[in-house]
Amino acid sequence: MDAKRVETVSARVDAAVSSTDSVEDELELSAVRHRPEGLEQLEAQTRFSRKELQILYRGFKNECPSGVVNEDTFKDIYSQFFPQGDASTYAHFLFNAFDTDHNGSVSFEDFVMGLSILLRGTVQEKLNWAFNLYDINKDGYITKEEMLDIMKAIYDMMGKCTYPVLKEETPRQHVEVFFQKMDKNKDGVVTIDEFIDCCQNDENIMRSMHLFENVL
């Protein structure tokens, strides 16, 4: 998420937290098809307070009454934020990153666990999450093709809102630079250690890799 969107989310959460809550959210937890873990457990597993979790759950339930979201619904919701481009491919990759148990749906638990890392996680945690996003087939390595697929998806989603307008070969050029720096042993794949080490020690790559945060 970019700074403005994080501020907006935080402001909404803070405003809602200050209001009077009731036991309605607790009752609602049992009213949907998929019943989330107890709030106490989620509070222990994330960096959200109990009241913040109630607010997030209320919003999640409004969008996904069944308590889970499938990929098509996720794409529809996410695409609303990027009407100037085609967000479907990136939303597919993002959905798979949130769907940690790979069952084809994102539960409230999946959602808040990922959101907690993205909004309040350490640099290490955010980089681990980013690596998982780029590791499309989840084999523990990032290939040049996987990185290129993500980059192309990001540029497709941003559409014509970039200035200057990006040339078609720009994603590949960026990937060539990133991959050459990250693949230190030149074996054709990037491990999580190579990824994190390179990101933490190269300011240019760190700034560029933050591009993924701007579209979350």
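Consider N103 against the criteria (1) of a type outside the set (K, R); (2) in the same structural domain as I77 (by the TED database); (3) touching a residue at least 12 places away in the same chain (Cβ under 8 Å): it satisfies all of them except one. Which criterion is unmet?
In the conditions (1) of a type outside the set (K, R); (2) in the same structural domain as I77 (by the TED database); (3) touching a residue at least 12 places away in the same chain (Cβ under 8 Å), N103 misses (3) alone.
Would a scan of region 131-140 turn up a residue that is under 28 Å from E40 (Cβ atoms) and in the same structural domain as N185 (by the TED database)?
In the first step, residues of region 131-140 are kept if they are under 28 Å from E40 (Cβ atoms); the result is 132.
Those still in the list that are in the same structural domain as N185 (by the TED database) too: 132.
Yes; the residues of region 131-140 include at least one that is under 28 Å from E40 (Cβ atoms) and in the same structural domain as N185 (by the TED database).
Say whether the condition of being outside any helix (DSSP H, G or I) and modelled with pLDDT under 95 is met by at least one residue in region 145-163. So that I can check it myself, show each step before the final result.
Filtering region 145-163 for residues outside any helix (DSSP H, G or I) gives 162-163.
Keeping just the survivors that are modelled with pLDDT under 95 gives 162-163.
The answer is yes; a qualifying residue exists.
In the list M182, M147, M151, M158, which residue meets the criterion of being within 15 Å of the chain's Cα centre (by Cα) and of a type outside the set (S, T, N, Q)?
On the way: M182 fails: within 15 Å of the chain's Cα centre (by Cα); M147 fails: within 15 Å of the chain's Cα centre (by Cα); M158 fails: within 15 Å of the chain's Cα centre (by Cα).
That would be M151, the only listed residue that is within 15 Å of the chain's Cα centre (by Cα) and of a type outside the set (S, T, N, Q).
Residue under question is A31, and the condition is that it be modelled with pLDDT under 80, touching a helix residue (DSSP H, G or I) at 6+ places or on another chain (Cβ under 6 Å) and aliphatic (A, V, I, L, M); does it hold?
No; evaluated as a whole, the condition is false for this residue.
The values are calculated or read from the model by the stated rules, or taken from the named source; none is laboratory data. Predicted, not measured: the structure shown is a model, and the values here were computed from it. Using ideal geometry, Cβ is built from the backbone for each residue, glycine included, and neighbour counts are taken over all protein chains shown.
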